[in-house]
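Take a look at the structure below.
Rule-based calculations on the coordinates, nothing more; no lab input. Please read these numbers as outputs of a predicted model, since none were measured by experiment. Here the Cβ positions follow ideal geometry from the backbone for every residue, glycine too, while neighbour counts run over all protein chains shown.
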Amino acid sequence: MSRTLVVFGATGDLTRRKLVPALFNLQRKGRLPDDVRIVGFSRSPLSDDEFRGRMAEALVEFAGAPASDTERDRFLGRLHYVAGSVTDDRGMETLAERLDELEGEQCADRLYYLAIAPRFYAPTVARLGAMDMVCDDHGERRVVVEKPFGTDLASARTLNEAIHEVFEERSVYRIDHYLGKETAQNILFTRFANTVFEPLWNRNYIDHVQITVAESVDVDHRAEFYDGTGVVRDMFQNHLLQLLTLVAMEPPSSFDADAVRNEKHKTLAAVRPITSGRLGLDTVRGQYAGYRTNEGVPDDSETATFAALKLEIDNWRWQGVPFYLRSGKALPEKVSEILVQFRCPPHNMFPLPPGATLSSNYLAICIQPDEGMHLRFEAKVPDTVADLQPVDMEFHYRDNFPGVELPEAYERLLLDALHGDPSLFARSDTIERAWSLMDPVVEGWQTDAAPPLEVYEPGDWGPDGAHALMRRDGRRWKRGCRHC
């Protein structure tokens, strides 16, 4: 049975920068099945050859493909193009006719990829249903939906309902590229394939967890869009909460997609919502200086470009262990990491120098930019009585797997979607639960209970309130991968 990948928004930035290069790399590695054809659909009036020409330029720019190469030409031969609009019945009719022509009489699975503006998700899915383009009689039909999936709980539910009118849940692939990152996937392998970690992975040995997703860039040309979104909707509802589930979930009974996604949902279901009375204690909001000077941003904008949250998980494993999450724009560097800090030993038996204390061990999982892990522990300094010094055991992908290039997240996610494996894609109930946790924060920040909007300088690690949040608990933010 052959397979057809239909990309809506085929001339857009996402297709050029991510999707087409990822598909080409899959072919180059021998992982893209020979029977996969790729059909682009967009409003631009292009022929097949003109579309292939544009994508050839994208391969040179974003995939490092040579201007002339047999492998490149073989890939471009997979590409086809249909001009039309998702809001126009005639355009969709033309697409349906072209797909029937390409697939012929044989059965073919289809994967519809919505690389389009979110406002077109529901109308496009509705038209696919109305045009009878989701019938499974001649092969499976799946749909990939990009983020953002809704802007709050109500809109996410509405979108889920609209999609479920046409597709069953098993055929819906809600994508979050963070879950496609090799280092994010490795969190589960680190925990469940190594008995040295899993017995300690609980409230008895772990003091707290920090999750940082920092961006060095400011909002730039996205200012007007960003002002209606903010950092919580942009980063916390999806990326940070997904990382939290990987760190905190219970071991699934198998690596089956349903088993994995069940445990992730159970974890989010156990996260304690932040109430209005806790907003000033457990949340911090900041805005970098100069944000309001961007075009399209009101002079009195209250949109947060930085946030820090303290979350608690009410279950047996994590009771009493706080999870601190932070993310923001215009920070010192682009970095994503998870720091698991272990408890201090219950008793110090060593004759340390006056004022010296034992340092806590921690495991830092570096998701980007220098992917790897760092385990910090105490060691005796040679030729001393009892002097201790923190040392690191380090694992770097680039060192341990020389010559192996870490794949782009979209490579793994596209391949899984083509093969019908939803393990790394969000389920409807999990999406809605994530919004139900973040909505009270976003809404609460518009009330009198909101913490003050603090201004921070570009290049700082957020406002002072983020550090005060940790100091109140006798802790501080750490960069476990700072020496990477």
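A compact table of results
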item	result
FRET efficiency, 1/(1 + (r/R0)^6) with R0 30 Å, evaluated for LEU352 and VAL196 via beta carbons	0.65
Mean residue ellipticity (222 nm) of the chain, computed from DSSP H runs ≥ 4 via -39,500 (n - 2.57), nearest 500	-9000 deg cm²/dmol
The chain, relative contact order in percent, only Cα pairs under 8 angstrom and at least six apart counted	17
Value of relative contact order over segment 7-84, rounded to a whole percent, pairs C-alpha under 8 Å and six or more apart	43
Segment 2-146 - percent relative contact order, Cα under 8 Å, separation 6 or more	30
Simple Cβ-charge dipole of the chain, Lys/Arg +1 and Asp/Glu -1, about Cα centre, in debye nearest 20	1300
Shape parameters for the chain, alpha-carbon atoms, Rg then Dmax in Å	24.3, 83
Sequence-distant lysines (8 or more away, or on other chains) whose Cα lies within less than 28 Å of LYS18	LYS29, LYS147, LYS181, LYS264, LYS329, LYS334
Candidates per trypsin sites (Lys or Arg not before Pro) in segment 189-290, loop by DSSP, up to 16 other Cβ within 10 Å	ARG203
Loop-exposed chymotrypsin sites (Phe, Trp or Tyr not before Pro) per DSSP, neighbour cap 12 Cβ within 10 angstrom, longest uninterrupted part of the chain	1-254
Computed Rg/Rh of segment 136-193, alpha carbon atoms with Kirkwood Rh	1.10
Farthest toward positive dipole pole in segment 98-162 [+1 Lys/Arg, -1 Asp/Glu at C-beta], among GLN106, GLY150, ALA122	GLY150
Whole-number D in µm²/s for segment 2-146 (Stokes-Einstein; Kirkwood sum over Cα pairs; 25 °C, 0.890 mPa s)	159
Segment 385-415: GluC sites (Glu not before Pro) in DSSP coil with no more than 15 other Cβ atoms inside 10 Å	GLU405
Pairwise label distance in nanometres, ASP69 with CYS344, each label 7 Å out on the Cα-Cβ vector	5.5
Coil-residue GluC sites (Glu not before Pro) of segment 298-357, DSSP, other Cβ within 10 Å capped at 14	GLU302, GLU333
